[in-house]
Amino acid sequence: MEAYLDNSATTKCSRRAIELMVQLFAEDYGNPSSLHTMGSKAEAYIKEAGKKIAKTLKVSEKEIVFTSGGTEANNLAILGSVGANKRAGTHVITSAVEHASVQQPAEQLQKLGYKVTYLPVDAEGVILLEALEDALDEETVLVSLMQANNEIGTIEPIKEAAERIRRLAPKALIHVDAIQSYGKMIIRPKELDIDLLSVSGHKIHGPKGSGFLYIKDKTKINPLLFGGGQQKGLRSGTENVPAIAGLGEAAAEIYENLEEKAGHMYELREYFIREVTKIPGVTVNGRSGTGSAPHIVSVSVEGVRSEVLLHSLEERGIYISAGSACSSNHKKSVSRTLLAIGLKQNLLESTVRFSFCDKTTKEEIAYALECMNEIIPFRRKFTRK
């Protein structure tokens, strides 16, 4: 048996998205900037994808800019908005638990002379709103916060944060990294009162190399790429029409019967947490219930290193992550999120992430639990004293 429980790293591309992309690769392969019929057909696919995505957010398709993924969307949101609004201020606020694609642009801004404040979080990973209030000032130009944490699943109080930002720093733009929340919950940028929102396609059963940035109408933002002026000059370069169309189809599909899909994942999550914490020395990080995204569980296993558990499960056909996939495959470093929530030192390198999708079954979870009950006591025997 196999159990793919690493859906926060990437998801299996949906059949509907694949079939649409094959059509574009094989037949409707025109350049959307071309003036002939083939070009017009390609352009129509882009417009249709924009409409599908805009419908899921209840925004205008004119407010959607396609990118190569979540990382580019986050970079465009942060560097592009700050660069376009230099006169508004030189202070940026983010949190201590952001993804590297937010953290590193913020560090780049620091090198350019901007002041960056990293908000602390509580033991469950929730940003401290009092700290946000204290940090906001007349120089604040941007606040960038993730909606659902990619490692522990905690859902941040975006609406409450936006209310404070609008009151205390009305010139500031608000960016939300929704890469782990889009497709898992209803998101309404206008109700949240935010200006920018990033999404990645391969987290929602769309193709890798696809994503988008919602940019509220009339929001000033500079492009990062220059050239042919595609997408109203905000993202030059010939559009990846198959990926864009596949992303649009995946977005439409994932929001069909969303409440039922999310309910299924929450049931799996509760079952998994209830059973896994029966194993001695196993704890779960983050929030419980609907305070967390429905698909993410961060598990600390005392006495067993994360890589050891990961590969031991892999041998049984179970696939998980040792933290965020974007960082775990590169340089070895301790998770900033786990440090920020104050995880005990002995658990920092003994934490793994399980993540589900709406197609994950209870049988797969039960199989993973069965294997963990065998593996963890066995591996602890070899722990260095």
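The values are calculated or read from the model by the stated rules, or taken from the named source; none is laboratory data. Since we're looking at a predicted model, the values are computed, not measured. Here the Cβ positions follow ideal geometry from the backbone for every residue, glycine too, while neighbour counts run over all protein chains shown. Note: areas computed on protein heavy atoms with side chains; ligands, DNA, RNA excluded. Shrake-Rupley method; radii C 1.70, N 1.55, O 1.52, S 1.80 Å.
Within the group SER292, SER300, SER321, which residue is in contact with an Asp or Glu (Cβ under 7 Å, 6 or more places away or on another chain), buried (at least 18 other Cβ atoms within 10 Å of the Cβ) and among the hydroxyl-bearing types (Ser, Thr, Tyr)?
Numbers: SER292 fails: in contact with an Asp or Glu (Cβ under 7 Å, 6 or more places away or on another chain); SER300 fails: in contact with an Asp or Glu (Cβ under 7 Å, 6 or more places away or on another chain).
Exactly one of SER292, SER300, SER321 is in contact with an Asp or Glu (Cβ under 7 Å, 6 or more places away or on another chain), buried (at least 18 other Cβ atoms within 10 Å of the Cβ) and among the hydroxyl-bearing types (Ser, Thr, Tyr), namely SER321.
For segment 303-318, how many residues meet the condition of being closer than 24 Å to SER101 by Cα and either touching a Gly at 6+ places or on another chain (Cβ under 7 Å) or surrounded by 23 or more Cβ atoms within 10 Å (Cβ to Cβ) (or both)? Full working, then the answer.
Applying the first criterion (closer than 24 Å to SER101 by Cα) to segment 303-318 yields 306-307.
Those left that are additionally either touching a Gly at 6+ places or on another chain (Cβ under 7 Å) or surrounded by 23 or more Cβ atoms within 10 Å (Cβ to Cβ) (or both): 306.
Result for segment 303-318: 1.
Of the conditions (1) at pLDDT below 95; (2) open to solvent by less than 30 Å² (accessible area, probe 1.4 Å), LEU35 fails just one. Which one is it?
It fails just one condition, (2).
Please indicate, with yes or no, whether at least one residue in segment 214-227 is out of contact with any Lys or Arg (no Cβ under 7 Å at 6 or more places or on another chain) and within 27 Å of ASN7 (Cβ to Cβ).
Yes, segment 214-227 has at least one match.
Which of the following residues is touching an Asp or Glu at 6+ places or on another chain (Cβ under 9 Å) and of a type outside the set (A, V, I, L, M): LYS12, LYS55? Working first, answer last.
Details: LYS12 fails: touching an Asp or Glu at 6+ places or on another chain (Cβ under 9 Å).
Exactly one residue qualifies, and that residue is LYS55.
Just to be sure before I move on: is THR360 touching a residue at least 60 places away in the same chain (Cβ under 8 Å) and not small (Gly, Ala, Ser) in the structure I sent?
It is true that THR360 is touching a residue at least 60 places away in the same chain (Cβ under 8 Å) and not small (Gly, Ala, Ser).
Inspect all residues belonging to segment 157-170 and state whether any of them is part of a loop (DSSP other than H, G, I, E, B) and farther than 30 Å from LEU348 by Cβ.
yes
Is one or more of the residues making up segment 181-189 within 30 Å of ASN31 (Cβ to Cβ) and not aliphatic (A, V, I, L, M)?
Yes, segment 181-189 contains a residue that is within 30 Å of ASN31 (Cβ to Cβ) and not aliphatic (A, V, I, L, M).
Quick one: which of ARG188, ARG167 is open to solvent by 30 Å² or more (accessible area, probe 1.4 Å), out of contact with any strand residue (DSSP E or B) (no Cβ under 7 Å at 6 or more places or on another chain) and over 27 Å from GLY113 (Cα atoms)?
Numbers: ARG167 fails: over 27 Å from GLY113 (Cα atoms).
From the options ARG188, ARG167, the qualifying one is ARG188.
Name, by its number, the condition in (1) crowded, with 22+ Cβ neighbours inside 10 Å; (2) over 30 Å from ALA368 (Cα atoms) that does not hold for LEU5.
Exception for LEU5: condition (2).
Please work out if GLY209 is under 26 Å from ARG15 (Cβ atoms) and either of a type outside the set (Val, Ile, Thr) or open to solvent by less than 30 Å² (accessible area, probe 1.4 Å) (or both). Walk me through how you get there before you give the answer.
On the way: under 26 Å from ARG15 (Cβ atoms): yes; either of a type outside the set (Val, Ile, Thr) or open to solvent by less than 30 Å² (accessible area, probe 1.4 Å) (or both): yes.
Answer is yes for this residue.
For SER200, all conditions in the list (1) surrounded by 18 or more Cβ atoms within 10 Å (Cβ to Cβ); (2) over 16 Å from ALA77 (Cβ atoms) hold save one; what is the number of the exception?
Here SER200 clears every test but (2).
Of the conditions (1) more than 22 Å from TYR214 (Cβ to Cβ); (2) in contact with a strand residue (DSSP E or B) (Cβ under 6 Å, 6 or more places away or on another chain), SER144 clears all except one; give me its number.
(1)
Inside segment 247-261, can you point out the residues that are out of contact with any helix residue (DSSP H, G or I) (no Cβ under 9 Å at 6 or more places or on another chain) and either under 20 Å from GLY69 (Cβ atoms) or crowded, with 19+ Cβ neighbours inside 10 Å (or both)?
Answer for segment 247-261, where residues must be out of contact with any helix residue (DSSP H, G or I) (no Cβ under 9 Å at 6 or more places or on another chain) and either under 20 Å from GLY69 (Cβ atoms) or crowded, with 19+ Cβ neighbours inside 10 Å (or both): there is none.
Go through segment 203-236 residue by residue and tally those that are more than 30 Å from ALA172 (Cβ to Cβ) and either aliphatic (A, V, I, L, M) or over 22 Å from the mean Cα position of the chain (by Cα) (or both).
2
If you go through segment 8-32 one residue at a time, how many are under 29 Å from SER181 (Cα atoms), open to solvent by 70 Å² or more (accessible area, probe 1.4 Å) and not in a loop (DSSP other than H, G, I, E, B)?
Total satisfying the criteria: 4.
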